[in-house]
Amino acid sequence: MNHLSYMEKLLDGVEVEWKKLADIFQLKNGYTPSKSKKEFWENGTVPWFRMDDIRENGQILDESLQKVSESAIKGGKLFPENSIIIATSATIGEHALIRVPFLANQRFTNLSLKPVYKDTFNNKFIFYYCFMLADWCKKNTTMSSFASVDMDGFKKYPFPIPCPNDPKKSLEIQAEIVRILDAFTAMTAELTAELTAELNMRKKQYNYYRDQLLSAENEGVEWKTLEHICTSISAGGDVPKNSSKGQTEPTDEYPYPIYANATGEKGLYGFTDDYKIDSDAVTISARGAKVGYHTVREAKFTPIIRLIVLIANKNIVSTRYLNYVLDMTPIGGTEAGIPQLTVPMVKKLTVPIPFPNDPKKSLIEQARIVSILDKFDTLTTSIQEGLPREIELRQKQYEYYHDLLLNFPKPMEETA
């Protein structure tokens, strides 16, 4: 029996009772204890959850990154274990199942079952159904100083109870839905881990062979400064006055791109009908989070701020070889406490040149090394690009079965 027919049979003829969210759950807002009271934050033992916990540790949580002291608890009551927190402002819809008594910050609304429903629901069934609630939240926001969920509608959101007149069967159905969705979740996590491990292995293999090929211990290799093997090392210019025209594709009027620290691989067009660099070049990001990032630019272009351009002396070194050897060259620096590079810093960087006294042999050896590293780079890039595609495919498959299992038919008055 295939998955589809199995799940259709599982839910075939299942009676469903719909309750408003506020009828099933106690809804309470999270809060942040006063930062001015040190006693609330010293020697903390009480888990206090924030969005960072979900980002770093997932959506089923037993531990928090931060803890507060018991004196910080309002009214002496924690949110009970096996509650759901869901973000109803800021990063709307993000949610988690918390399996310990806890507190959460004000971005979250806490959902804890009312006592009368304690034996009605499987906690992970609630967690999985809250993905549907999360989608509703994202589509039903109000705007003031920041986006927040329409809480009147939130309280009325319909929540299903399958087989309400047969508690045992209801829990069996919920447990089976959880089992299936757990399996898809585990399969996606396993695939992600396998592909990530494969990618990391290929990167290590690439680094090993690159370092072996470029090792200073190899016969005939000499390390030279960039100022001795480049015909030009220069910084980009100012931002064009017509910078608002930026677009990602060339036009007849503006055929040449500009590159800055943050323009991406394709650059931006609409600034100039001329170019400043007419040779293939290596560019290095000179400031900010991407400082030291380097790549080959093969077409004519204009560099602007926060970009340093290297024009290789083609009689000594090829551009692609130069770009590869920069991978094994420590590129970094600071000025006034800010991570950045300057032209004088870059000029002093050293790279290995094979057979420096025989330019013809040197360029042949460089071409051989580039060819080998290109193959490794292609393989690594292929895996790296395939990873998100495979994960997206599994996620869509998961979402299909998730919706199939949890889209219980609503009464006419609910769907109208």
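The values are calculated or read from the model by the stated rules, or taken from the named source; none is laboratory data. This structure is a prediction, so every number in the text was calculated from the model and none was measured. Cβ placement follows ideal geometry from the backbone for every residue including glycine, while neighbour counts extend to all protein chains displayed.
Of note:
- Residue match in region 150-163 (condition: among the aliphatic types (A, V, I, L, M), over 18 Å from W18 (Cα atoms), touching a residue at least 24 places away in the same chain (Cβ under 8 Å) and in contact with a Cys (Cβ under 6 Å, 6 or more places away or on another chain)): no
- Residue match in region 139-152 (condition: within 23 Å of the chain's Cα centre (by Cα), assigned to a helix (DSSP H, G or I) and assigned by TED's automatic domain parsing to the domain that holds I24): yes
- Looking at D62, D12, just one residue is loosely packed, with under 14 Cβ neighbours inside 10 Å, of a type in the set (D, E) and without any contact (Cβ under 8 Å) to a residue 24 or more places away in the chain, and that residue is D12.
- Hits in region 102-137 (condition: of a type in the set (D, E, K, R) and surrounded by 15 or more Cβ atoms within 10 Å (Cβ to Cβ)): R107, K124
- Complete set of residues in region 66-87 that are surrounded by fewer than 16 Cβ atoms within 10 Å (Cβ to Cβ) and charged (D, E, K, R): E70, K74, K77, E81
- Applying the condition of being surrounded by fewer than 19 Cβ atoms within 10 Å (Cβ to Cβ) and among the hydrophobic types (A, V, I, L, M, F, W, C) to region 138-153 and asking which residue is farthest from T91 (Cα to Cα) yields M151.
- Residue satisfying condition, being surrounded by fewer than 18 Cβ atoms within 10 Å (Cβ to Cβ), more than 30 Å from K9 (Cβ to Cβ) and not charged (D, E, K, R), within set A175, A186, A90: A90
- Qualifying positions in region 99-119 - among the basic types (K, R) and at pLDDT 95 or above: R99, K114
- Counted residues, region 163-172 - those being surrounded by fewer than 16 Cβ atoms within 10 Å (Cβ to Cβ) and assigned to a helix (DSSP H, G or I): 4
- Which listed residue is over 21 Å from Q106 (Cβ atoms) and at pLDDT 95 or above, from N43, N82: N82
- Test result for P160, outside any helix (DSSP H, G or I) and surrounded by 18 or more Cβ atoms within 10 Å (Cβ to Cβ): yes
- Region 352-397 - residue that is among the acidic types (D, E) and assigned to a helix (DSSP H, G or I) and, of those, modelled with the highest pLDDT: E365
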